[in-house]
Structures are given as structure tokens and as C-alpha cells.
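**Q** For reference, the structure I am asking about is given below.
What follows is calculated from the coordinates using simple rules that are stated; it is not laboratory data. Nothing here was measured: the structure is a model prediction, and the numbers come from that model. Virtual Cβ from ideal backbone geometry, glycine too; neighbours counted across all protein chains shown.
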Amino acid sequence: MADFELYGFAESGPCYRVAFMLRACGLDFAQRPVDFFNGETRTPEYRATINEMGEVPVLVHGQRKLAQSGAILAYLANLTGKFDGANEAEKLEILSWMLFDNHKLNGLIGTLRFMVAVSKSGETPVTGFLRQRVTGALGIVEAHLAKRSFMVGERVTIADFSLCAYLYMPEDYGIDWEAYPEIRQWLARLKAVPGWQAPYDILTRASPKRG
Ligand SMILES: N[C@@H](CCC(=O)N[C@@H](CS)C(=O)NCC(=O)O)C(=O)O
């Protein structure tokens, strides 16, 4: 039996970043597929027994059950001594970028991508607003990466695992990636991390919506 069990599905950026980290740390894990598109995360049973926040990813390690990909990345970095900050200042810088990412980059891409590429909402005032916010956040990351190879400390850290999540997903949600050469080069550098795999090669996809 694998040491780690990851509740999740391939289309989820937060699940992908955790799966990538597990592989990069050389940790053996099994995916517990979650029937997301048919509402499993919203069932009272899931919330009572798996995650009261009603989300994936959830990582189970022995008696521990962890929610929130940022907390999971920090847990794995602490456990393995890999991809962490070298000192308190770096750890805080990593935390800053991960909070920025959850709030303004991958946090908003998740919703934009879901609306445009999964639900096929078409263009609406909401997708326009989200894309404008995402474009702003991408510009900030682009400027940051123009001066360094990785997000913090000139080596790969959990900040990189956090920020890359949805940026490896192939779906089109109306972002012009040609406008972000620094981000594209950084994503290419991260692919060299041993264990890297594309999202749909690491995890299995969720079952389509029934009916
Ligand atoms: N901040 C969370 C975000 C997780 C998240 O948004 N998960 C989505 C799937 S990608 C989810 O489980 N949503 C549940 C729902 O909408 O019912 C993390 O990084 O773990």
C-alpha cells in the first residue's frame, strides 16, 4: 500500500501541484479519484468524513488528513527537507507568493478556466473580469521572473509548485501566452525537475457529469 493517498482528479490545478511535489520528492502515493463533476465534494458525507471545506486535494498520510494544497506542500517540504526555504526569510517569501497565488493567480484561473473551458459559459462580464484580474497577476509574475530563474532563492521551492499548477493545463481560456516569455521559460525549467509529468499523465480525470 502506498504511504500517501491523494484525493483528487487530474483537471484540478491544486491537485496537480501536490501530485507533482509528491513525485519530485520521490514519495509513493495512490490517487483516490473524486467524482467532482457529479458533486462528490458537496455531499454531506464527503464534508463529514473527508474535508469539511468540501474541496480537493486532500492528502492522507498515516493518521494525518490535510486539506489546502498550500498546507500540503508545506507539510511535505517540512517532512522531506526538500523544496523548502533555506531560512525564515525565504520561508516567509515563499508563503507570500503562495498566498498571492491562491488569491490572485491560480485561485482565479481555476474559476475562469472552469467557466470558459469546462462549463462552456461563453464570454460573460464575469469571465471578462476574471481574465483581466488573471492578466494582471500574470504580469506581476512575469516581471518577477525576469530577474530570477525561480520564484524564491534561485532554486526550486514549493512556491514554484504552487504557481505552476494551472499553467501546465492545455485548455484555452483566452490567455495569450506569447505575452509571457519569462513565465514560459520558467515552466520549461521546471519540467526538468525529476518527477515532472504533465497533469493528465499524473492523475486520472474525473468522470463526466451524468445526465
Ligand atoms: N485553495 C484550495 C483550492 C482547492 C479547490 O479550489 N478545489 C476545487 C477543485 S479544483 C474543489 O474541490 N472545489 C469543490 C467544489 O467546488 O465543490 C487549495 O489550494 O487546495
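**Q** What does the extension gain come out to for residue 126 and residue 177, with contour length at 0.36 nm per residue minus their alpha carbon separation?
**A** Values: separation 51, 0.36 × 51 = 18.36 nm, distance 2.07 nm.
Between residue 126 and residue 177, full extension yields 16.3 nm more.
**Q** On to the next question. What is the stretch 88-190's relative contact order, in percent, from Cα pairs under 8 angstrom and six or more apart in sequence? Display every interim value, and only then the final one.
**A** Details: 87 pairs, mean separation 35.7, N = 103.
For the stretch 88-190, the relative contact order is 35 percent.
**Q** For the chain, what does the helix formula give at 222 nm: sum of -39500 (n - 2.57) over DSSP H segments with n ≥ 4, over the residue count, nearest 500 deg cm²/dmol? Can you show the working numbers first?
**A** Values: 9 runs with 97 residues, N = 211.
Result for the chain: -14000 deg cm²/dmol, rounded to the nearest 500.
**Q** Okay, which of the stretch 50-91 sit inside 14 Å, backbone N to the point 7 Å along the Cα-Cβ direction of residue 5?
**A** Answer for this model: 50-51, 58-66.
**Q** Longest exposed-loop-site-free stretch of the chain, with GluC sites (Glu not before Pro), DSSP loop and at most 16 other Cβ within 10 Å? Spell out each step's value before the answer.
**A** Working: sites that count: 52, 123, 154, 171.
Longest run free of exposed loop sites: 53-122.
**Q** Let me ask you something else. State which entries of 82/209; 104/191; 120/147; 91/120 exceed 32 angstrom in Cα-Cα distance in the structure shown. Please report the intermediate quantities before stating the final value.
**A** Numbers: 82/209 38 Å; 104/191 23 Å; 120/147 37 Å; 91/120 39 Å.
Beyond 32 Å: 82/209; 120/147; 91/120.
**Q** Could you sort the peptides 129-138, 105-114 by per-residue average Cβ neighbour count (10 Å cutoff), highest mean leading?
**A** Working: 129-138: 16.9, 105-114: 20.8.
Ranked from most to least packed, the peptides come out as 105-114, 129-138.
**Q** Expressed as cubic angstrom per residue, what is the convex hull volume of the alpha carbon set of the stretch 17-170? All intermediate terms of the calculation are to be shown ahead of the outcome.
**A** Working: hull volume 20.2 nm³, N = 154.
Measuring per residue, one finds 131 Å³ for the Cα hull of the stretch 17-170.
**Q** Percent relative contact order of the chain, based on C-alpha pairs within less than 8 angstrom and at least six residues apart? The partial results should precede the final answer.
**A** Details: 289 pairs, mean separation 65.4, N = 211.
Relative contact order, the chain: 31 percent.
**Q** Could you give the nm distance between label points at residue 32 and residue 147, where each point is 7 Å from its Cα heading toward the beta carbon?
**A** 4.4
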